[in-house]
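Throughout, read-outs are computed from the coordinates displayed, never taken from laboratory work. Fair warning: this is a prediction, and the values are worked out from it, not measured in the lab. Glycine gets a Cβ as well: all are built from the backbone with ideal geometry, and neighbour counts include every protein chain shown.
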Amino acid sequence: MMRVSMAALNVPRVIGHRGAAEAAPENTLESFAEAKRQGALWVEYDAKLTADDAVILLHDDTVDRTSDGTGPAAQKTLAELTALDAGSWKGAAWAGARIPTLAATLEKLDALSLGSNIEIKPCPGRDRETARGIISELHRIWGGKAPAAGKMPLISSFAYESLLEVQEMAPELPLGLLLEDHPADWRQQAERIQAVSVHCWDRKLTEAWARDIKAAGFGLLVYTVNDVDLARRLFGWGVDAVFTDAPARLLAGLG
């Protein structure tokens, strides 16, 4: 099956990072609503497995930083995780926000008309398992029929084994190779999984590397860009999109 192209995804220049993480508690439905309010057309979020193999949204391996709970997420059930307060740490106004499931997230994004980038964020040792769980859940939600290209999520991960698993299970889904450093074999990695995009850290990307990525035919996305002048410079290098914690600030500054 032919993989969806970068052009067909209609990726906007500004993508809300974990929703609108500067203003709202990251990876929550409230954060996605805030991103929409700020003018974002797409959001990015982190998905991982619970102890009982449900798919929820959480960035860290533990719940300590972004909830009133403690301990590894991989050792907690869905019921335990969704009972936590995932908003009060960000401010009293967000008290009662919950860790959402992937299913609830996709329903909310559909209601908000938001596109998305799902980052597979496996807990240690669960790279393949997490990818299998996420793709199986997507297939269940979609009833075995993938959405149209314009509504299909972009799947990315730092965990290469997760991307290999997605390639095997769902070759039609568009993949993004997430990189923190500048590996010499970045192109080989991207080509092996037939990635549509390469996602680079703004601190590591250079103008020359950006030029190479674009010349190789990949979309180029950069994280996490909260400064308008930096975003403007990156777009001058040919970058297609940036992830930001502050969509409104970037959209207003870029005009």
Q: Please pull out the direction-averaged projected area of the range 6-254, using the convex hull of its alpha-carbon atoms, in nm² to one decimal place.
A: 12.3 nm²
Q: Nearest 5 is fine: what % of DSSP beta bridges in the chain come out antiparallel, could you say?
A: 15 percent
(Q) Beyond a 20 Å Cα-Cα separation, which of these cross-linked pairs lie in this structure: Lys36/Lys204; Lys48/Lys204; Lys36/Lys151; Lys90/Lys121; Lys48/Lys76; Lys36/Lys214? (A) Lys36/Lys204; Lys48/Lys204; Lys90/Lys121; Lys36/Lys214
Q: Name the residues whose placed amide hydrogens come within less than 5 Å of the amide hydrogen of Gly219, ignoring near sequence neighbours (fewer than 5 apart) on the same chain.
A: Ser197, Val198
Q | Theoretical ellipticity at 222 nm over the chain - DSSP helices of four or more residues, -39500 (n - 2.57) apiece, nearest 500 | A | -9500 deg cm²/dmol
Q) Amide H to amide H, which residues 5 or more places from Trp42 or on other chains are under 5 Å from it, using H placed in the peptide plane? A) Gly16, Gly115
Q. What trypsin sites (Lys or Arg not before Pro) in the range 54-154 are in a loop by DSSP, with at most 14 other Cβ atoms within 10 Å of the Cβ?
A. Arg65, Lys145
(Q) Per residue of the range 142-152, what does 6.51 cos²θ - 1.76 cosθ + 1.60 with θ = phi - 60° give for ³J(HN,Hα)? Whole Hz please, x for Gly and Pro, Karplus curve as stated. (A) 7, x, x, 10, 5, x, 4, 3, x, 10, 7
Q.
From the phi angles alone, apply the Karplus equation (6.51, -1.76, 1.60; θ = phi - 60°) to the range 213-225 and give each ³J(HN,Hα) in whole Hz, x where the residue is Gly or Pro.
A. 4, 5, 5, 7, x, 9, x, 10, 10, 10, 10, 9, 10
Q: Of the options Val43, Pro72, Leu58, report the single residue whose Cα projects farthest towards the positive end of the charge dipole of the chain (beta-carbon charges: Lys, Arg +1; Asp, Glu -1).
A: Val43
Q. Under a point-charge model restricted to the Cβ atoms of Lys and Arg (+1) and Asp and Glu (-1), what is the dipole moment magnitude of the chain relative to its Cα centre, in debye to the nearest 20?
A. 700 debye
Q: Output ³J(HN,Hα) for the range 121-136: one whole-Hz value per residue in order, computed from phi by the Karplus curve 6.51 cos²θ - 1.76 cosθ + 1.60 with θ = phi - 60°, and x for Gly and Pro.
A: 10, x, 5, x, x, 10, 4, 5, 4, 5, 4, 4, x, 5, 5, 4
Q: Pull up all non-local amide H partners of Ser156: gap of 5 or more, or a different chain, and H-to-H distance under 5 Å with H placed in the peptide plane.
A: Ile118, Glu119, Ile120, Gly176
